[in-house]
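These notes concern the structure reproduced below.
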């Protein structure tokens with residue numbers, strides 16, 4: 001989705017910018033490439049900097065309720081230092097590395113409802129203008145895909161996904177927000193938990209998998225949250241028995257056999273060590289639906305199909321709102 005906007009800071013007659021992303025799939029920690037197309041205005045202009053900013057629609061919870069805002073989570077200077085002549089057309093290619101914790105927006109081509117964008121900022125003669133905003137789609141890493149497909153094969157269903165402003169205590173989290181994927185329990189665990197929340201925190205050496213269960217209460221006991229955390233490697237993903245590994249994680253989570261307060265050691269793929277709530281797992285965290293999307297789960301994985309005609313429309317509306325009104329409610 002591309003939006004051409006006049007460089008408003010310079011008024012009518014200023015240059016225009018149009019950023020086009022390459023169609024190749026982008027993964028966390030991977031390369032994002034494309035070109036920034038410039039068209040000169042009615043005079044010559046000195047282009048000082050061309051900056052790309054990665055932005056996300058994020059939920060922030062507070063005492064008064066919940067708000068959504070646009071959060072920038074990385075910036076790259078990709079060009080500048082040249083004169084753009086009157087009416088001149090020029091393209092500036094770019095290739096940048098996105099953060100390892102960049103949220104996943106789709107699974108097997110099915111949208112998860114999380115909205116990311118690439119915003120282009122042009123600095124001309126001391127004036128700056130955010131002149132273009134493009135949608136960014138991110139596919140999962142192989143290990144993320146393996147975990148999600150294992151959950152689908154075990155009978156868990158996708159409920160929603162959103163981005164929560166805050167940090168997971170005791171983790172190696174680097175971004176100011178984290179992605180939360182909410183899952184419906186499989187029939188095997190339906191009597192024990194209401195839902196399970198999944199968070200991936202990827203890094204160059206591997207990935208932390210954080211699982212939280214909203215456990216059902218009994219006749220005389222209230223419900224409670226149980227949390228475990230595991231680390232896996234990017235290597236040897238295809239050699240692992242992920243259904244067995246993930247089922248072991250869920251069993252530990254539901255039975256709450258986690259040890260408390262100890263950091264999770266790094267281990268090879270498929271071998272996890274859990275640990276319990278350290279008192280600061282999710283700053284301002286509260287369960288609840290996020291972007292209003294739902295996907296039915298099946299044996300082939302979580303991304304089987306969108307449930308209900310209303311859901312797809314909600315996702316489209318969210319994307320439209322994000323790209324049409326991105327500059328007024330920015331956080332961070």
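The values are calculated or read from the model by the stated rules, or taken from the named source; none is laboratory data. The model shown is predicted, which means the values in this text are computed figures rather than measured ones. Note that we place each Cβ from the backbone using ideal geometry, even for glycine, and neighbour counts take in every protein chain shown.
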Among residues belonging to segment 22-39 that are assigned to a strand (DSSP E or B) and within 18 Å of the chain's Cα centre (by Cα), point out the one that is farthest from residue 124 (Cα to Cα).
26
Residues located in segment 13-39, provided they are farther than 30 Å from residue 144 by Cα, surrounded by fewer than 20 Cβ atoms within 10 Å (Cβ to Cβ) and either in contact with a strand residue (DSSP E or B) (Cβ under 8 Å, 6 or more places away or on another chain) or touching a residue at least 60 places away in the same chain (Cβ under 8 Å) (or both):
16, 18, 37, 39
Kindly indicate whether any position in segment 182-196 is within 12 Å of the chain's Cα centre (by Cα) and either modelled with pLDDT under 95 or not in a helix (DSSP H, G or I) (or both).
no
Could you tell me which of the residues 55, 78, 98, 71 is under 30 Å from residue 203 (Cβ atoms) and modelled with pLDDT under 95?
71
Subset of segment 169-179 [modelled with pLDDT under 95 and either under 24 Å from residue 240 (Cβ atoms) or touching a helix residue (DSSP H, G or I) at 6+ places or on another chain (Cβ under 6 Å) (or both)]
171, 172
Could you pull out every one of the strands (runs of 3 or more DSSP E) wholly within segment 74-160 that has 2 or more residues that are surrounded by 19 or more Cβ atoms within 10 Å (Cβ to Cβ) and under 20 Å from the mean Cα position of the chain (by Cα)?
116-124, 127-136
